[in-house]
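Down below is the structure, laid out as structure tokens.
The values are calculated or read from the model by the stated rules, or taken from the named source; none is laboratory data. Here the structure is a predicted model, which is why all the values come from computation and not from measurement. FYI the Cβ positions are ideal-geometry reconstructions off the backbone, even for glycines, and counts take in every protein chain you see.
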Amino acid sequence: METHGCVVFFFFFSRPCVRERRIHFVLLISRQGKVRLTKWYSTYSKKERSKVLRELSGVILTRGPRLCNFVEWRGLKVVYKRYASLYFCMCIDPDGNELEILEIIHHYVEVLDRYFGSVCELDLIYNFHKAYYILDEILISGELQESSKRTVVRSVAAQDSLVEAAKEQTGSTISNIIAHAAK
Amino acid sequence: MSGPSLMDSLFQRTLEDLIKGLRQQLIGEQAFISKALEEIRKEIKSTDLSTKSTALLKLCYLSNLHFHDMSFAAFHALEVLSSPRFSHKKIAYHAISLSFHDSTPVLLLITNHLRKDLTSTNEFEVSLSLQCLSRIANVDLARDLTPEVFTLLSSNKLYVRKRAVAVVLRVFEKYPDSVRVCFKRLVENLENYDPQILSAVVGVFSELACKDPRSYLPLAPEFYKILVDSKSNWISIKVLKIFAKIAPLEPRLANRVVEPICDLMRKTGAKSLLFECVRTVVTSFSEYESAVRLAVEKIREFLVDEDPNLKYLGLHALSIVASKHLWVVSENKEVVIKSLSDPDPNIKIESLRLVMAMVSEHNVAEISKVLVNYALKSDPLFCNEILGSILSTCSRNVYEIIVDFDWYVSLLSEMSRIPHCQMGEEIENQFIDIGLRVKDVRPELVRVARDLLIDPALLGNSFLHRVLSAAAWVSGEYVEFSRNPLELMEALLQPRTSLLPPSIMAIYIQSAFKLLVFCLHTCFVRGGSTAGVSASASYESFDDLSIENGADSTVAHGQTCTSAPITNESIVNLLKLVELALSPLLGSHDVEVQERARNLLGFVDLIKLEALNSSGQEENESERKGVEATKIIRLVHDAFSKELGPVSLTAQGKVPVPDGLTLNENLGDLETICGDIELPSSNTFSFGYPSEEKDVLSFSNLQIKEDSGQSNESTSLLAEHRKRHGLYYLPSGKSEVISNDYPPANDPALQGDNNDNASDLVKLTAESLVPKRKPNHSKPRPVVVKLDEVDEKPVAVKQLESRDDSLSGAVRDILFGSEDILPTSSRSNLPNSNRKGKKKQHMITQVESKENVVDDGNSSSRRRKDHSHGKERRHRKKNAEERNETDRKEKESSSNHPRRHKSRQRAEEPLKVPPQTSVIPDFLL
């Protein structure tokens, strides 16, 4: 088993039960309380989700301007920031860094802005999936993934062109359908 | 199929159409959505993937923003996923990561799709599937896809690699065995120069270290390097988080790291990094004086900043420091107090917490005064926040910080008069609690209660009713301290009491009863025959001075307590008043009120005759009747003068079941319920005695025939009161003897014991706090009666702190099986002193370790082998137990050889640092 008094090892492999993610969820809520985007990194049931939204929009939307951007909520912290008519909210653990999250929110907004070209709420309403894709470029499982705006925009654009290319390859939908029907 | 499919496809609404339609809301949102859902259900069955994916996208939209169930589409999402087109894949992945969870039935079918995409040459496809994996991975997926993730960890596409790193976290979490395969590469990435990769790796480690910091101590040198070299604030913040967790475990590491952190704090311009430094220092480096000072300096900058965010965080950081360095808070006292009037409620609450953290016995009066002033001015919500925290802070550990109870009682009454106050219930509890526990404060308490009762305006405020009920109870229970019982009587019977709810009304009437008895007793019994007084006087005089003899006590009472003399005439008026006030209540709809009123009036009827006669001329006649009436009065008075003491929550359990008492099954069930300390009901119900035993016991040695009605009446009142304030009641006469919880306070013989008890308990409670308190105040703190389980509270608080330890201990138990021993040797040379030696500490497998020790040069080839070792390892695990045995013997025998010494550490290390073991050796080479 061992030579020259070499010691044999035995390993217990740890079970790193990782707690919930650093960012639990991301919400975009309009000033009127309409939800524009929800992304959940921790597990919440459907019921919990709408409850969270109800509670948080009640808390956040009623807060006046020039107050701090942090709300304690159910033992967690919600960092929110208002851009025009939209509130961007991220929920983090109490030991998370609030200012870092504010920067992430700002980063996201800037990327959106670059991508859409001075983004407005309507852009996000009609391109809700794009807003998701961009968020996915920035955050992965609740962690900041890409801190360079240029890189994010570039890779989103690359994927867009990939989508377009795929469409052209197979031809337009209608001709496709006609071909399909002609069979 | 092609017919409807064609139509569907041609006229399918796009996502944009859906959103537009939803916004126009021609037919109402719900109707529109259900119509759209119907369409989607049809379209999603289409064979055309474009149609299908559009339907899926629309469904995602509805599910995401309107929370509609999309689990029915799980299989369709998989079908779309199999499309070769990127656009379809993207939609499918989006839908899957949105809707799949551990119990999704088709989750099993996704493995191959993911595997295919993970090995795709298109980096975006890889990224999509990684993204998806990070969200939906369960044990099976994590296990099956570990090899692919492992490969991607060293992908030369940074875009892919950083995602793979992030996904590893989820894979580890779901399938711990993957640690063996992937950990090594993960650690290799720590040395990557690309900030994005580094950021991802450090992020993973900061998450891992949160859970079990000790395991990652061996990587400290790598983290240290990153901390010193890092140019990116994102990375620095994450590394700081790691150090905040691991540095406290190893003092030498902390010594080494504290300086770079301070440097960072001085140099950085980014507030987020600065704040992270500050927080790291105050949480994990609080024993480093200079670092804390620097952090405090920065906190102060935050506090005075215009930005409310910084202000809030400054306060927050202060509250972290407060637990260890209270001076920091006092230094910034002004800012903190000023923040109480900040427009932001969150800042206000944070500063309130800080203010409460500053409270000590020396400044509690000053701070409370300030706070009450703030409460007066603030909005109802914050006002009650303030009052609530004053109440809870002051009552903490049985009024630990209160020295001057007279002051505190008047503070309570002041607080209850604040217009927005809604803390009536808590104030009520404390009034009664203090009355029961602190004898010396009773005169003041009665005075305060009188002021509350006498003000008719207060009766109109429903939030105050609870306070008033306490005041009424106090003034009845401790009536002997009242200066003017007649005045109190009028207050209790004033017409506006009709505004009170019946339950409190009942307490008012009962208190009036006690008052009346007291007045009559003073007038007839004590005033009439001095001989009769001595016996009862010893009961009611809590003033130790007045116990000596009856005559003295009478004098004492005459002088101190009743400034307004109670004459026959006033008694007659009193009786009239009672009749006048209570007769309407005879028809009350509330049983309690009606019964109490009846009892009191019945008593008045009994007494009235004599009272009227004694004011008349027929001396002899009245004398004879007077004797009878006096007897009644004395009996009732004795009944009321028995002091009520606080009762231990566990007292009930200490009452043995008397012999011959058979408890039927139902009550037997109750016993288990009552045994539960959590249940307050255990105090209201004693299974040994009939429910009216409470009162019977208090005059147990008196024969009462005439008063049976009263005894019932007072019983029900007491029972009701008891229900609400169960905590303060003695369970029964017998338990009193047996449980020796609370010796009757008015029993002079036991007085000494009582004090001893209390001081014992005081000693028990908190050694650190009590001695400090005693030496330095002019006015001695009155004895506060405590009960055993009340004293357990501080202990419980301490346990709370230590619970974290036990929790992580439990985690470690899970992590390392039963062997959670932490060999000190393994930590001893960790910090930066000897990095190379440390890296050598860990081996991944038996084979590797052998190789490593035997011939270090060979290990680069090992890396490639590693992957294939999987099965072998699993096999080896079986024999591991035995080997461990041998292992230890081996170690013992080899301890004197320097090289072997190292290997011994290696052997012990894996017990708690399994993951790194796989990796570090190769770093050397």
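Points to keep in mind about this one:
- When every residue of the range B:110-118 is checked against the conditions, none turns out to be under 36 Å from the mean Cα position of the chain (by Cα) and either crowded, with 23+ Cβ neighbours inside 10 Å or not aromatic (F, W, Y) (or both).
- Selected residue (criterion: farthest from A:R22 (Cα to Cα)) from residues of the range A:48-102 that are among the β-branched types (V, I, T) and surrounded by fewer than 19 Cβ atoms within 10 Å (Cβ to Cβ): A:T62
- Extreme residue, farthest from the other protein chains (Cβ to nearest Cβ), among residues of the range A:31-64 that are under 17 Å from B:M70 (Cβ atoms) and more than 17 Å from the chain's Cα centre (by Cα): A:E48
- B:V167 satisfies every condition listed in (1) modelled with pLDDT of 85 or more; (2) in contact with a Lys or Arg (Cβ under 9 Å, 6 or more places away or on another chain) except (2).
- Subset of the range B:140-163 [among the polar types (S, T, N, Q) and either over 15 Å from B:K184 (Cβ atoms) or in contact with an Asp or Glu (Cβ under 9 Å, 6 or more places away or on another chain) (or both)]: B:T146, B:S154, B:S155, B:N156
- Whichever residue in the range B:636-658 is surrounded by fewer than 20 Cβ atoms within 10 Å (Cβ to Cβ) and not in a loop (DSSP other than H, G, I, E, B) and, among such residues, is modelled with the lowest pLDDT: B:G653
- Whether a residue is in a helix (DSSP H, G or I), among the polar types (S, T, N, Q) and either under 25 Å from B:P213 (Cβ atoms) or touching an Asp or Glu at 6+ places or on another chain (Cβ under 6 Å) (or both) was assessed, and B:S290 passes this test.
- Residue in the range B:490-510 that is of a type outside the set (D, E, K, R), crowded, with 24+ Cβ neighbours inside 10 Å and closer than 22 Å to B:T567 by Cα present: yes
- The residues of the range B:52-83 that are within 11 Å of another protein chain (Cβ to nearest Cβ) and either assigned to a loop (DSSP other than H, G, I, E, B) or farther than 20 Å from B:Q12 by Cα (or both), listed by number, are B:N64, B:L65, B:H66, B:F67, B:H68, B:D69, B:M70, B:S71, B:S83.
- Qualifying residues in the range B:343-361 (those that are touching a Phe, Trp or Tyr at 6+ places or on another chain (Cβ under 9 Å) and not β-branched (V, I, T)) - the one nearest to the other protein chains (Cβ to nearest Cβ): B:D344
- Close pairs from the range A:121-132: first more than 9 Å from chain B (Cβ to nearest Cβ) and over 14 Å from B:L62 (Cα atoms), partner part of a helix (DSSP H, G or I) and basic (K, R), Cβ under 9 Å, at least 6 apart: A:D123/A:K130; A:L124/A:K130
- Where a residue in the range A:136-165 is touching a residue at least 60 places away in the same chain (Cβ under 8 Å) and more than 10 Å from every other protein chain (Cβ to nearest Cβ) and its partner, wherever it lies, is hydroxyl-bearing (S, T, Y) and surrounded by fewer than 17 Cβ atoms within 10 Å (Cβ to Cβ), with Cβ under 7 Å and at least six apart: none
- Count of the range A:74-127 residues which are β-branched (V, I, T), more than 16 Å from B:N346 (Cβ to Cβ) and within 14 Å of the chain's Cα centre (by Cα): 4
- Only residues that are in contact (Cβ under 8 Å) with a residue 24 or more places away in the chain and within 11 Å of another protein chain (Cβ to nearest Cβ) were counted in the range B:176-193, giving 6.
- Strands (runs of 3 or more DSSP E) (entirely within the range A:57-111) containing at least 3 residues that are within 13 Å of A:S30 (Cα to Cα): A:76-83, A:86-92
- Any hit, the range B:210-228, residues being at the interface with another protein chain (Cβ under 8 Å from one of its Cβ atoms) and modelled with pLDDT of 85 or more: no
- Residue check for B:A31: assigned to a helix (DSSP H, G or I), more than 14 Å from chain A (Cβ to nearest Cβ) and under 20 Å from A:R49 (Cα atoms): no
- For A:L112, the stated conditions do not hold, so it cannot be described as at the interface with chain B (Cβ under 10 Å from one of its Cβ atoms), modelled with pLDDT of 85 or more and touching an Asp or Glu at 6+ places or on another chain (Cβ under 9 Å).
- Counted residues, the range B:84-125 - those being closer than 27 Å to B:H68 by Cβ, assigned to a loop (DSSP other than H, G, I, E, B) and either in contact with a strand residue (DSSP E or B) (Cβ under 8 Å, 6 or more places away or on another chain) or more than 12 Å from chain A (Cβ to nearest Cβ) (or both): 1
- Note on the range B:229-262: among residues that are in contact (Cβ under 8 Å) with a residue 60 or more places away in the chain and assigned to a helix (DSSP H, G or I), the one that is nearest to the other protein chains (Cβ to nearest Cβ) is B:L249.
- The number of residues in the range B:151-175 being more than 10 Å from every other protein chain (Cβ to nearest Cβ), assigned to a helix (DSSP H, G or I) and among the hydroxyl-bearing types (S, T, Y) comes to 1.
- Some residue of the range B:320-337 being assigned to a helix (DSSP H, G or I) and either in contact with an Asp or Glu (Cβ under 7 Å, 6 or more places away or on another chain) or within 14 Å of chain A (Cβ to nearest Cβ) (or both): yes
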